[in-house]
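See structure below.
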Amino acid sequence: MQHKTPPKALSMPDAFVILFFVMLLAAVASHLIPAGSFQLLPAQTNAQGELQKARIDPESFSYSQDSSQGVVLFAEQGETGFLNYAFEGMVSGDKMGAAIGVIAFILLTGGAFGIIMQSGAVNNGILALIKRTQNMQFLFIPLMFTLFSLGGAVFGMGEEAIAFCIVLLPLMLALGYDAITTVLVTYIATQIGFATSWMNPFSVAIAQGIAGVPLMSGASYRMALWLVFTLFGVIFTIRYAARIKKQPQLSLSFASDEKLRGQQQQQQQSAFGLLDATILTVFVAGIAWVIWGVVARGYYIPEIATQFFALGIATAIIAILGKRMTINGAADAFKQGAAELLPAAMIVGMAKGIVLLLGGDDPTQPSVLNTLLHLAGESFSGVSSYIAAWLMLIFQSVFNFFVTSGSGQAALTMPLVAPLSDLVGVSRQIAVLAFQLGDGLTNCIVPTSASLIGCLGVVRVDWMVWAKFAWKLQLWLFVLASLSVLVAVAIGYQ
């Protein structure tokens, strides 16, 4: 009797495979869509005496006359061809941001936390904490989500969530939740706060300044949106976390979570003792140092990466003196921690190649990206104010796939969208709001977001797994954002 072979489960394509085909589409687009460029208006001083940087002149767009448009298969002398996207993407940018800065941040932070986790102090401390707080665990998720959302709203927290994903993942797993819950509580919360902020200097202030809107104006409506979106995020996360805690097998990250739980059990050294308390005290002091640096001193990627590297060194010294780790063991733990995050770091760099293949994001240099920006702006004319505002939201959401930097997207899009809003009867404040919501909320799913890929990498969740989970969340957020923009039009938001 013949037995039928059970069909193999359909495997999802790896993130590197998806990225390759996106690059291929970008390369093809560079041959089909003509490149264009803008001119910049000179810097000037506004009514408040503040110097405004040079900005795009919306009326200055022109197509490039270069007949050799389109990326070649292989480029020389540092130029970008299709096959160059991996290297050029990974070395692009500077230490203050994507891609090379974020790559270094991920690797250094991963290595430092490799030492911290190998010491066993975190796992011993988590188990001791759980035993003592059995009756207060219901407060953990809403409190954490609200704090991270507030961080996104007040000072634009985003990349910093990568480190906190590493910190909170062991606790989440020990409490019976999963890696996806960790990303929801940290990164997603920061992006909800970022998208509905009333004072974020990296998005709201820049966009309002370019649009000619008084800085920090319209705060009351944005505060109301922050409350609504944050409350939605808290409820969504609590419901999901409760379902996973009841049936862990429902988690899309169940396999990788179980592997990490097994590693936690192996790393548990003994009952919580003085050495664990010393390491955790240094750890908490290091986290406080990071928070102080971000809030009081404006620390960013270079400083934060160095702070965590110093924290890893301090942990290694204490563990070695306490006979829990050898010097070579500390070095191996650092290398292992960095190695586990290498795929995420590489994706962060390669994703930058998309913008490079489209010609870059410099408005004064011919690029396909500038042409797409110009054509999208023209499509807003001749429609009602409600439709125009909603199209602005869609445009900013789509454009964020190519330029995930809030300040960068504001600099590129607001000089075009702000004058167009005058023509279609939409206030410039609403144009800024559409930029805010479109830019911030799509960071929750686009694979070109360095912060998202970094967070997914440190919790060992593939982007395709995340996309399978997050599309419903993204749909709900888009519905809320659409309603927010339409209500703003209805109330004449200024």
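The values are calculated or read from the model by the stated rules, or taken from the named source; none is laboratory data. Predicted model only: the values in this text are computed from it and were never measured. Every residue, glycine as well, gets a Cβ built from its backbone with ideal geometry; the counts of neighbours run over all protein chains shown. SASA here: full protein model, heavy atoms, side chains in, ligands and nucleic acids out. Shrake-Rupley method; radii C 1.70, N 1.55, O 1.52, S 1.80 Å.
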Within the stretch 132-174, residues among the polar types (S, T, N, Q) and crowded, with 22+ Cβ neighbours inside 10 Å come out as Ser149
Those residues of the stretch 324-345 that are open to solvent by 80 Å² or more (accessible area, probe 1.4 Å), farther than 19 Å from Ala163 by Cα and part of a helix (DSSP H, G or I) come to a total of 3
Picked from the stretch 295-312 (must be under 22 Å from Ala99 (Cα atoms) and open to solvent by less than 20 Å² (accessible area, probe 1.4 Å)), the residue modelled with the highest pLDDT is Gln307
- [ ] Considering every residue within the stretch 273-292, establish whether at least one is outside any helix (DSSP H, G or I) and without any contact (Cβ under 8 Å) to a residue 12 or more places away in the chain.
- [x] no
For Ala288, state whether it is surrounded by fewer than 16 Cβ atoms within 10 Å (Cβ to Cβ) and within 28 Å of Ser119 (Cα to Cα).
yes
Within the stretch 223-249, the residues that are aliphatic (A, V, I, L, M) and open to solvent by less than 90 Å² (accessible area, probe 1.4 Å) are Met223, Ala224, Leu225, Val228, Val234, Ile235, Ile238, Ala241, Ala242, Ile244
Checking Phe395, Phe435, Phe402 in turn, the sole residue that is in a loop (DSSP other than H, G, I, E, B) and within 19 Å of Ile56 (Cα to Cα) turns out to be Phe402
- prompt: Can you spot a residue in the stretch 203-222 that is open to solvent by less than 20 Å² (accessible area, probe 1.4 Å), charged (D, E, K, R) and out of contact with any helix residue (DSSP H, G or I) (no Cβ under 7 Å at 6 or more places or on another chain)?
  reply: yes
Of the candidates Thr278, Thr315, Thr237, Thr326, the one satisfying the condition of being farther than 20 Å from Leu107 by Cβ, at pLDDT 90 or above, of a type in the set (Val, Ile, Thr) and in contact with a Gly (Cβ under 9 Å, 6 or more places away or on another chain) is Thr278
Requiring at least 1 residues that are at pLDDT 85 or above and in contact with a Lys or Arg (Cβ under 6 Å, 6 or more places away or on another chain), the helices (runs of 4 or more DSSP H) wholly within the stretch 103-187 are 161-174
Subset of the stretch 73-85, residues in contact with a Leu (Cβ under 9 Å, 6 or more places away or on another chain) and surrounded by fewer than 17 Cβ atoms within 10 Å (Cβ to Cβ), comes to Leu73, Phe74, Ala75, Gly81, Leu83
Checked the stretch 86-117 for anything within 17 Å of Val290 (Cβ to Cβ) and open to solvent by less than 50 Å² (accessible area, probe 1.4 Å); matches are Gly101, Val102, Ala104, Phe105, Ile106, Thr109, Gly110, Gly111, Ala112, Phe113, Ile115, Ile116
Take the conditions closer than 29 Å to Met96 by Cα, of a type in the set (A, V, I, L, M, F, W, C), touching a Ser or Thr at 6+ places or on another chain (Cβ under 7 Å) and in contact (Cβ under 8 Å) with a residue 40 or more places away in the chain and apply them to Val446. Does it pass?
yes
Would you confirm, using the coordinates I've provided, whether Ala29 is surrounded by 12 or more Cβ atoms within 10 Å (Cβ to Cβ) and either among the β-branched types (Val, Ile, Thr) or at pLDDT 80 or above (or both)? yes
Per the list (1) over 30 Å from Met350 (Cβ atoms); (2) part of a helix (DSSP H, G or I), residue check on Gly454 breaks on (1)
